[in-house]
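Heads up: the structure comes next, in structure tokens.
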Amino acid sequence: MLDFEKHIEDMEKRLDELKRLSAGSKEDLSLEIDELERQLAEHKTKVYSQLTPWQRVQIARHPDRPQTRDFIEMIFHDFIELHGDRLYGDDAAIVGGPAFLDGRAVMVIGQHKGHTTRERVTCNFGSPHPEGYRKALRLMKLAEKFNLPVITFIDTQGAYPGVGAEERGQAWAIADNLMRMSQLRVPIVAVNIAEGGSGGALALGVADRLLMLENAWYSVISPEGCASILYKDAAKAPEAAESLKMTADALYKNGIVDEVVPEPVGGAHRAPNATAENLHAALNRALEEISASPVGTMLDLRYAKLRAIGAFEEPQPTPQ
Amino acid sequence: MSINTKKGIPEGIWSKCAACGEVIFQKEFFAGYKVCPGCSFHYPLSAHERLDTLLDMGTFRELDANMTSANPLAFVGNKPYEESLEASVANTGLKEAVVTGYGKLNARTVVIAVMDFRFIGGSMGSVVGEKITRAIEYAAKKHAPLIIVAASGGARMQEGMFSLAQMAKTSAALGKLADKHVPYISIMTHPTTGGVTASFPALADIIIAEPGALIGFTGARVIEDTLKEKLPDGFQTAEFMLEHGMVDMVVERKEIKGEIAALLDMFQMGAAGRPQATLSVGDIVPGADVARKMQKSMQTGVKKSAKNIKTQVKRLQGK
């Protein structure tokens, strides 16, 4: 349970208790129950409308938060998982394959962290190796060949930091995805569902539309990493989270993210199905919009979108 | 300064290499582009020193020289971003961590971008990303070969996602350049690390690394902390990357220019019938000879980074 959820949990327990008492007694407790329900709703709205960036990071990392496989299960049907990069191995940190989104066949690819300890270890906690990124690219090229739109789910603290990952070209694999995704001749919708840690997240994030769940974060560096560089103290992560402007609403305001997908009050872990419904609708909407353009226009717009991000000053531009 | 003056010997003539301790004749050191004649240690170069080693004398024309950083996140952290920028400007005389333009390399016209590690660790923010993207687009427009020299610790943290997005921007521009069959040669120098490595430096037709350069994605300390074990000797050096198939060649500084010229000639021959470079460099500006110019810049600029260089040397020696 998260710190700021404690009081909510207490109130919910008291409410349950009252309801239980009420059911077993002749005394009418409905007034008390109504009052407590009102207070609870008010308190929740207050807490969740004023979340700090660091509190959102906590929600994004909640162990019960739905992950890529959960969203695939809730939103798509007839998912067929494909494996391997055809070069070195199969990375469980990235799952992917074709599936139906309602009536439309698509390629869905995403980082998966795992729920149980065992699954988490198998998935390296959602931190991919180069073979994961190369598998993702292989599936995207497959999608391009058969004209299937690509949907990616981003959920990683970062690419895997290990000797093998460096030996097999982590940087090269990520860079290759960035370049090839910018030119892929099918629509791409990327959704950050929880954590977007730096280049390891971006490697699935070059898209026509970048969506973000309300409580997800996306940043050039993790708040802990930033804090240990700036303050030599990872415990100052809450301050770093504030400085990095890494929440969905901040990134939307800065023009980095195209759409924020709302989560029910309390966060996705409290209402996975309702979250999935919101995301489902947003995906269909995004695909409709992108598919309205011919491929050439779509690619021009994608390039223009990537090209436009940046903030600088230039008093006298060089004439070309 | 980067190399210590030996007691009793007038400064500026003899110095002691911080890497091997050998006493070296400074003239020879500068003539060798700041490579120790004793141990072959490659001392870092500023962006302009690097341009001198690659381009024909007096042929460089700078592009987008007036672009400077904004502070899109109003980033404060331990000190305001503006302060870091001002300090780097004062220390380097540059406006940002990359210098871009065009010039002649053994008489072939090329577009070139050179990073300078002294400017906030050569980190890539909006300006570095934009200037490199424009250089790529310029090379594509003019069908002129592109050379990018990387020297970077990674993304510019103070610009948050604006910084990360530059990786995608530069990579997308390179996709378009590749479609035009314009050659792109990447030179990875010490250090080429972090998010920057995972963008334009890794996407070249040919990747040349300088001997001993630190090259990688995740920092060695982060890997050590995660794995709780000591890393192998020579991990993430240019030679390590060559062994693992990630770079085409490790080339001594003095040989890089000739190697590029030879490659461009071969690619040029294969590209007969394709659009030719439409970029010309105007009159050649007479300049001092390269060694003398370097000695001057060494005396003015590099002294300040002495401590930095010693740390780098120690790191390269695994201490």
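Measuring from a point 7 Å past the Cα of B:Lys228 along Cα-to-C-beta, which residues in segment A:60-79 have an amide N at less than 16 Å?
Residues passing the 16 Å test: none.
Which part of segment B:43-59 falls in the paramagnetic zone of B:Asp265, meaning amide N under 18 Å from the point 7 Å along Cα-to-beta-carbon?
Only B:54-56 fall inside the zone, counting backbone N under 18 Å.
Whole number in Å², please: accessible area per residue of segment A:199-304, 1.4 Å probe, ligands, DNA and RNA not counted.
Using a 1.4 Å probe on heavy atoms only, each residue of segment A:199-304 averages 37 Å².
In segment B:202-229, what residues drop by 20 Å² or more of accessible area when the other protein chains are put back, versus the chain on its own? Use 1.4 Å, and skip ligands and nucleic acids.
SASA drop of 20 Å² or more in segment B:202-229: B:Ala202, B:Leu203, B:Phe217, B:Thr218, B:Ile223, B:Thr226, B:Leu227.
At 7 Å along the Cα-to-beta-carbon direction for both A:Gln316 and A:His115, put a label point, then send me their distance in nm to one decimal.
Once both label points are built, they end up 6.4 nm from each other.
Residue farthest toward the positive end of the dipole of segment A:85-208, with Cβ of Lys/Arg at +1 and Asp/Glu at -1: which of A:Tyr133, A:Cys123, A:Leu148?
My answer, from the dipole projection, is A:Leu148.
Go through A:Asn254, A:Ala276, A:Pro238 and say which Cα lies farthest out towards the positive end of the charge dipole of segment A:228-278; charges sit on Cβ, +1 for Lys and Arg, -1 for Asp and Glu.
Working it through, the farthest residue towards the positive pole turns out to be A:Pro238.
Order B:Tyr81, A:Tyr48, most accessible first, counting only protein heavy atoms with a 1.4 angstrom probe.
Sorted descending by solvent-accessible area, the residues read A:Tyr48, B:Tyr81.
Kindly state, to the nearest 0.05, the FRET efficiency for A:Asp28 paired with A:Val265, given R0 = 25 Å and r defined as their beta-carbon distance.
Efficiency computed from Cβ-Cβ geometry: 0.30.
Regarding segment A:1-80, what whole-number volume in Å³ per residue does the convex hull of its Cα atoms give?
Spread over its residues, the Cα hull of segment A:1-80 gives 144 Å³ apiece.
Nearest 0.05, what FRET efficiency do B:Glu28 and A:Thr122 give at R0 = 45 Å with Cβ-Cβ as r?
Efficiency at R0 = 45 Å is approximately 0.20.
With +1 on each Lys and Arg Cβ and -1 on each Asp and Glu Cβ, and nothing else charged, work out how big the dipole of chain A is about its Cα centre, in Debye to the nearest 20.
Once rounded to the nearest 20, the dipole reads 960 debye.
Leaving out ligands, DNA and RNA, what percent of the accessible area of the protein assembly as shown is carbon and sulfur, probe 1.4 Å?
53 percent
Rank-order B:66-73, A:291-298, A:195-202, B:55-62 by packing density, defined as the average count of other C-beta atoms within 10 Å over each peptide's residues, highest first.
A:195-202, B:66-73, B:55-62, A:291-298
Under a crude label model (7 Å from the Cα following the beta-carbon direction), how far is B:Arg274 from A:His77 in nanometres?
Output for this residue pair reads 4.9 nm.
Please compute the average number of Cβ atoms from other chains found within 10 Å of each residue's Cβ in peptide B:168-181.
Counting other chains' Cβ atoms within 10 Å and averaging over B:168-181 gives 6.
First measure r as the distance between the Cβ atoms of A:Lys253 and A:Asp300, then evaluate 1/(1 + (r/R0)^6) with R0 = 35 Å and state the FRET efficiency to the nearest 0.05.
0.85
Would you mind checking which residues have amide H under 5 Å from A:Ala216's amide H? H placed 1.01 Å from N; only 5 or more apart, or other chain.
Here A:Ala248 satisfy the definition.
Mind checking the dipole of segment B:68-192: about its Cα centre, +1 per Lys or Arg Cβ, -1 per Asp or Glu Cβ, Debye to the nearest 20?
Rounded to the nearest 20 debye, it is 540 debye.
With a probe of 1.4 Å, find how much accessible area segment A:62-101 has per residue, and write the answer as a whole number in Å².
Spelled out: the 1.4 Å probe surface of segment A:62-101, per residue, equals 47 Å².
By average Cβ neighbour count within 10 Å, what is the ranking of B:177-187, B:93-103 from highest down?
Ranking, from highest mean packing down: B:93-103, B:177-187.
Using 7 Å Cα-to-Cβ label points, what is the A:Ser49/A:Lys232 separation (nm, one decimal)?
4.3 nm
Taking the Cα centre as origin and putting +1 on Lys and Arg beta-carbons and -1 on Asp and Glu beta-carbons, what dipole magnitude results for segment A:17-97, to the nearest 20 debye?
Charge dipole of segment A:17-97: 300 debye, to the nearest 20.
Set Lys and Arg Cβ to +1 and Asp and Glu Cβ to -1, take the dipole of segment A:1-44 about its Cα centre, and tell me which of A:Phe4, A:Ala23, A:Ile33 lies farthest positive.
In segment A:1-44, that residue is A:Ala23.
So, by mean Cβ neighbours within 10 angstrom, what's the order for A:51-63, A:32-44, A:70-82 with the highest one leading?
Listed from highest to lowest mean packing, they are A:51-63, A:70-82, A:32-44.
I'd like the mean, over residues of A:153-164, of how many other protein chain beta carbons sit within 10 Å of each residue's own Cβ.
Average neighbour count from other chains, rounded to a whole number: 3.
Taking all pairs of different Cα atoms in the protein assembly as shown, averaging 1/r and flipping that mean, what Kirkwood radius in angstroms comes out?
For the protein assembly as shown, the Kirkwood estimate is 26.2 Å.
Which translational diffusion coefficient, to the nearest whole µm²/s, is obtained for segment B:158-279 from the Stokes-Einstein equation, given a Kirkwood hydrodynamic radius over C-alpha pairs, 10 °C and 1.306 mPa s?
Translational diffusion coefficient: 98 µm²/s.
The values are calculated or read from the model by the stated rules, or taken from the named source; none is laboratory data. Since the structure is predicted, the reported quantities are computational estimates derived from the model, not experimental observations. Glycine gets a Cβ as well: all are built from the backbone with ideal geometry, and neighbour counts include every protein chain shown. Remember, those area values only see protein heavy atoms, side chains included, never the ligands or the DNA or RNA. Shrake-Rupley method; radii C 1.70, N 1.55, O 1.52, S 1.80 Å.
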